[in-house]
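J.: Following this message is one structure expressed as structure tokens.
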Amino acid sequence: MTASGSRRYLMRAVLCLTVGSTGLFGCGRLARAQTQVGPARSATDADVPAAVATPGPTSPPSDFDHLVDMAEAEGSTAGPEFLPGTLPPDAGAGAEMGLLGLIGESIFGNRSDLWRPLPLSTFFSEGWLEPWHFYPRSTTGAPRQGWINAYDGVFYRLFFFDFSYVNDFQKNGNAYLGTLTLFTPISRRFQLRFDVPFIASNKGGQSNTYHGNFGDFVVSPRFLLSESQDLSQVFECLVRTPTGSTVNGNGQTTLTPQYEFWYGGLPGGGVIRGGAGLTIPTNNAGVTSTIAGAPVTVPGARTTCNYNLAVGKYWTQHDATPGDFVTFLSLNGFTTLDDRGPTYSYLSVTPSLRFHLGNNYYLVAGVEVPMTGPKNQSFTWAPTFWLTKVW
């Protein structure tokens with residue numbers, strides 16, 4: 001099979017994976033707390049322009065042969081470590097391994113020496129037939145890692161458990177939320193994210209008692225637009241399915257296409273990330289709750305413009321291995337665009353930190369505090385904890 005034929009085959013497979021996942025579970029998007037608390041990680045996870053990434057030079061530095069000789073002298077079988085601005089000779093390996101081999105290598109492979117930049121100009125012709133590989137740190141020493149209430153802007157290979165406590169939700173008790181999130185790379189250009197909300201609990205319904213239910217499942221096809229050592233850009237579409245109960249603010253079907261970026265070239269291990277998108281509801285599920293002792297029906301999902309900006313600093317050295325410690329601040333918000341209710345804007349801040357526990361396990365903790373928003377989004381503060389595993 002020719003390279004162009006293989007590429008068309010993979011594109012068809014990507015389309016089948018996306019349509020199959022969304023067809024199985026419906027259509028929709030994960031709200032930050034599965035309860036209309038806020039737009040969250042991407043609504044989970046500031047309109048900042050980002051320059052188009054360009055590939056680094058393809059010629060190795062003058063001492064490349066010397067480094068190769070040193071690696072061989074030390075008995076290394078994996079080859080030299082990634083050198084900024086170089087293109088490993090076998091960087092394109094994987095184009096002929098087949099679809100299953102490509103997926104298997106992307107999900108389970110451990111090569112980091114084959115990473116290379118991918119420009120936006122080759123989006124349709126390069127990277128689809130190559131397995132995903134771990135990337136290097138930025139030129140200032142920052143790794144690519146997930147943050148609470150911040151758009152990702154990068155590809156991951158990890159899963160994490162998310163637990164959130166929402167204090168004084170809608171002035172009617174508290175809310176408790178638990179989610180399992182999984183990132184699975186298929187190739188360098190494509191991956192799938194799954195959000196499985198295994199518990200959503202809050203007061204509501206005619207009885208105004210606590211109800212614990214499964215939330216709205218979300219599947220998100222993600223496409224890598226470009227990637228260099230310091231900058232990456234991603235387009236994804238969060239597809240929220242109505243698998244939860246309206247009493248918890250779920251049972252909604254929405255699509256959320258959004259642009260995300262990550263830039264790790266700030267001095268001293270600094271990172272800035274963010275993006276913008278739209279939430280488009282495709283059903284009219286409303287939410288019946290009790291506020292101030294009276295039953296109130298709140299409209300379902302709204303059409304919104306979502307925006308996010310986060311900045312942080314890694315406090316470890318440039319050559320540090322997994323003991324990374326970072327503090328960051330996320331700004332997360334949305335503005336309604338439809339006529340299904342009054343026009344309003346929501347904005348929150350989330351100061352957070354992340355540190356390494358050992359064996360590629362990480363703990364991330366933050367507290368979201370709303371700054372503006374309507375009564376049906378109201379809460380006083382919401383601490384969130386992630387237990388993350390990278391493999």
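Since every read-out is calculated from the coordinates, none of them should be taken as a lab result. As the structure is a prediction and not an experimental result, all values here were calculated from the model. Note that each Cβ is placed from the backbone with ideal geometry, even for glycine, and that neighbours are counted across all protein chains shown.
J.: List the relative contact order of segment 338-383 as a percent without decimals, with contacts defined as Cα pairs under 8 Å and 6+ residues apart.
T.: It comes to 37 percent, rounded to a whole number.
J.: Using 0.36 nm per residue, how much length does the chain from F123 to I199 gain when fully extended, once their Cα-Cα distance is taken away?
T.: Extra length from F123 to I199 when fully extended: 23.5 nm.
J.: Out of residues 5 or more away from T253 or on other chains, whose amide H comes under 5 Å of its own, with H placed 1.01 Å from N in the peptide plane?
T.: T282, N283, A285
J.: For the pair Q206 and A365, what calculated FRET efficiency results from E = 1/(1 + (r/R0)^6), where r is the Cβ-Cβ distance and R0 = 30 Å, to the nearest 0.05?
T.: FRET efficiency, A365 to Q206: 0.25.
J.: When Y361, Y151, Y307, Y314 are ordered from fewest to most other Cβ atoms inside 10 Å of their Cβ, what list results?
T.: By the 10 Å Cβ count, ascending: Y361, Y307, Y314, Y151.
J.: While we're looking at this one, here's another question. What list of ³J(HN,Hα) couplings, whole Hz, do you get for segment 120-137 from phi and the Karplus terms 6.51, -1.76, 1.60, once you set θ to phi - 60° and write x for glycine and proline?
T.: Going residue by residue, I get 5, 5, 10, 4, 8, 10, 9, x, 5, 9, 10, x, 6, 10, 4, 9, x, 5 Hz, with x marking Gly and Pro.
J.: Could you give me the ³J(HN,Hα) list for segment 353-368, computed from phi with Karplus coefficients 6.51, -1.76, 1.60 and θ = phi - 60°, whole Hz, x at Gly and Pro?
T.: Taking θ as phi minus 60°, the curve returns 8, 9, 8, 8, 9, x, 6, 6, 9, 10, 10, 10, 9, x, 10, 8 Hz for segment 353-368.
J.: With a Förster radius of 25 Å, plug the Cβ-Cβ distance of F355 and F161 into 1/(1 + (r/R0)^6) and report the FRET value to the nearest 0.05.
T.: The formula returns an efficiency of 0.95 here.
J.: To the nearest 20 debye, what is the magnitude of the charge dipole of segment 117-201 about its Cα centre, counting +1 on the Cβ of each Lys and Arg and -1 on the Cβ of each Asp and Glu?
T.: 140 debye
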